[in-house]
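So that we are looking at the same thing, I have put the structure below in structure tokens.
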Amino acid sequence: MEAAPCAVSRPPSSAAVRKRSKRSSSFTKVRVTASASACSQQSNSVTLLDYGAGNVRSLRNAIRHLGFHITDVHKPEDILTADRLVFPGVGAFGAAMQVLNQTGLGEALRMYIDKDKPFLGICLGLQLLFDSSEENGPVKGLGVIPGTVGRFDSTQGLIVPHIGWNALQPVKDSGILHGIEGHHVYFVHSYRALPSEDNKDWISSLCYYGESFVSSVSRGNVNAVQFHPEKSGAVGLSILQNFLRQSSSSSLKTLVPGKASKLAKRVIACLDVRANDKGDLVVTKGDQYDVRETTGDNEVRNLGKPVELAGQYYKDGADEVSFLNITGFRDFPLGDLPMLQVLRCASENVFVPLTVGGGIRDFTDANGRYYSSLEVASEYFRSGADKVSIGSDAVFAAEEYLLTGVKSGKTSIEQISRVYGNQAVVVSIDPRRVFIKSPDEVKFKSVKLMKPGPNGEEYAWYQCTVKGGREGRPIGAYELAKAVEHLGAGEILLNCIDCDGQGEGYDIELIKLVSDAVTIPVIASSGAGAVEHFSEVFQQTNASAALAAGIFHRNEVPIQSVKEHLLDTGVEVRMLPMEKTQSNQPEKAPRGAAAVV
């Protein structure tokens, strides 16, 4: 069932924004939203426990996409009378338990599960079933499953958060996981539950990331998954459909078996979005950050409409879609309704992670009303974003932190990661090379170049910039990356102004410098022009993902071609799955399509 066309909504009032943001940041109320529509058939109704903690829009869209109506939980009794309940836990363990305990929802959840009624917990919705968590704790959980949720151990170099598409290892039959063996699903978390003798009867699948952890549980009608099915593409939709229709085994989806074995490298499509001279939002692409044509009327380069391109990249197999708003709405970002609407519309049919960046910082509007970066980010999350990308504001925060050595708790990174988790915060670094003859010339970390500079320089350091690359700052990319990791960033988007739009490959020296310095994922960006550039960056650096824009927009290098090349060079990637035909025989797949999914 296709999602209904997305219509432009009316702008929220300042009071409404303030009210929603306050609720989101404090986690003290159950979110009460209007039901999707009157449910004519009880079997088509899904009860959703959404307490306003983050992006649940994508899950709502996925459920509706599958032909089901949504009824929201307003009070504990709504849980007890539900026919099937979905609990998409978002945010921190302690904050979530506080909501559940204060509202009586926690006890209602226990009673519902004790009755063995259809239940699906997602991400934190799985973790909360355990006895306790070490996250800002210990904090007591619902106590349904024995065990303690702990953080991944990054002391031996493991990249944390665990972000990306990883493989499941089923350990018992589970209806909702029917037919997904060998396929990748999308994870984004820093804490995990470990298997034990006490909880082994619950475990339906494991996942390996430095160690084997619990990726799903199942007992009777009670199911929960650590990954995000609503962000796992066609595989995730099949899991959701299997849960929603689990009373009928004949309706279970079956996919052609894949060969996924471990965490895949991600290929990300980036859409630079800005208003053109007519005021329309378009996808553009710069040449060293210049987005205007060099001929004719010097108009903003127009490579398509953002929602349509995002939908196409999802169909083409992009592992994530990133929107970078470069319009420069500097007076009031919450008033930037077109970009918010782009997110809302894209999330209706794009079931992979969405990141948005641009203007996420503290603001004071023309009336003197102050809006925190948390309020700004919250509006993006509610509009469909899974992660927000912070640029210039992160540079200023890092400079202050390096100067004082103190975390103020007030920076955008700290505010947002404290409420939504560090996996929701991406820091975008925009450096340019500064050639030097000796590392002793600067106090910043430098690299020895594989190719000398214009005057024979053997070294370079990478000066960070702000304001779209227009202003250099006294801080290096290495120092910035280390600082923002300490402040709570969960991922780094590493650009390079010198390589942007050149098509000559990623800056390997820069990416290696930064990816070796931090224990959070690094996304390589700027310079891709051929499929070989992707394998080069994955084979020579610790980058977790590679991002490209212009070559995808102009269809110079299709996403499928990139992934087929990576498979040929031994790099594991997620491939689009194939469904089995009615004759139960796999359809003929294009080259490489079912190799690793």
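The values are calculated or read from the model by the stated rules, or taken from the named source; none is laboratory data. None of these values were measured; they are calculated from a predicted model. With ideal geometry, Cβ positions are generated from the backbone for all residues, glycine too; neighbour counts draw on all protein chains shown. These area figures cover heavy atoms from the full protein model, side chains too; ligands, DNA and RNA do not enter into them. Shrake-Rupley method; radii C 1.70, N 1.55, O 1.52, S 1.80 Å.
Give me, ordered by chain and number, the residues 5 or more places off THR519 or on other chains with an amide H under 5 Å from its own placed amide H.
Amide H to amide H, under 5 Å and 5 or more residues apart or across chains, THR519 pairs with nothing.
Which cross-chain or sequence-distant (5 or more) residues have an amide H under 5 Å from the amide H of ASN199, H modelled 1.01 Å from N in plane?
So ASN199 has HN proximity to no qualifying residue.
Amide H neighbours of ILE145 under 5 Å, at least 5 residues apart or on other chains, H built in the peptide plane: list them.
Residues meeting the amide H criterion: PHE130, ASP131.
Moving to a separate point now. Can you compute the radius of gyration and Dmax for the range 45-160, using only the Cα atoms, both in Å?
According to the Cα coordinates of the range 45-160, Rg and Dmax are 14.9, 47 Å.
Shifting gears a bit: Pop out the carbon and sulfur fraction of the accessible area of the range 415-464 as a percent, whole number, probe 1.4 Å.
Numbers: 1190 of 2540 Å².
Result for the range 415-464: 47 percent of the exposed heavy-atom area is carbon or sulfur.
Moving on. Assuming a ≥ b ≥ c are the square roots of the Cα gyration tensor eigenvalues, decide whether the range 109-267 counts as rounded (a/c under 1.5), prolate (otherwise, with a/b larger than b/c) or oblate. List each step's numbers first, then the result.
Details: a/c = 1.91, a/b = 1.09, b/c = 1.75.
It is oblate, given that a/c is not under 1.5 and a/b is not larger than b/c.
Past 29 Å, Cα to Cα, is the threshold; run LYS315/LYS482; LYS265/LYS482; LYS140/LYS265 against it and keep the listed order.
Details: LYS315/LYS482 36 Å; LYS265/LYS482 22 Å; LYS140/LYS265 35 Å.
Checking Cα-Cα distances, LYS315/LYS482; LYS140/LYS265 exceed 29 Å.
Let me ask something additional. Report the semi-axes of the equivalent ellipsoid for the range 109-164 in whole Å, largest first, where each axis is √(5λ) for an eigenvalue λ of the Cα gyration tensor. Intermediate values should be presented prior to the final figure.
Details: eigenvalues 139, 37, 11 Å².
Working from the Cα gyration tensor, I get semi-axes of 26, 14, 7 Å.
Mind running the shape call on the range 502-579? Use the C-alpha gyration tensor, a ≥ b ≥ c as the square roots of the eigenvalues: rounded below 1.5 for a/c, prolate if a/b tops b/c, oblate otherwise.
Oblate, because a/c is 1.5 or more while a/b does not exceed b/c.
Here is a follow-up. For the range 356-363, in order, what is each residue's ³J(HN,Hα) by Karplus, 6.51 cos²θ - 1.76 cosθ + 1.60 with θ = phi - 60°, in whole Hz (x at glycine and Pro)?
Listing the rounded values in order: 10, x, x, x, 8, 6, 5, 9 Hz.
Counting Lys and Arg as +1 and Asp and Glu as -1, what is the net charge of the other residues whose Cβ lies under 11 Å from the Cβ of ALA517?
Details: positive: LYS445, LYS482, LYS512; negative: GLU479, GLU485, ASP516.
Charge balance near ALA517 sits at 0.
Treating the Cα atoms of the range 467-521 as identical point scatterers in vacuum, please give the log10 of the normalised Debye intensity I(q)/I(0) at q = 0.14 Å⁻¹, two decimals.
Rounded to two decimals, the profile gives -0.41.
Could you tell me the distance between the Cα centroids of the range 54-115 and the range 116-138, to the nearest Å?
The distance from the Cα centre of the range 54-115 to that of the range 116-138 comes to 12 Å.
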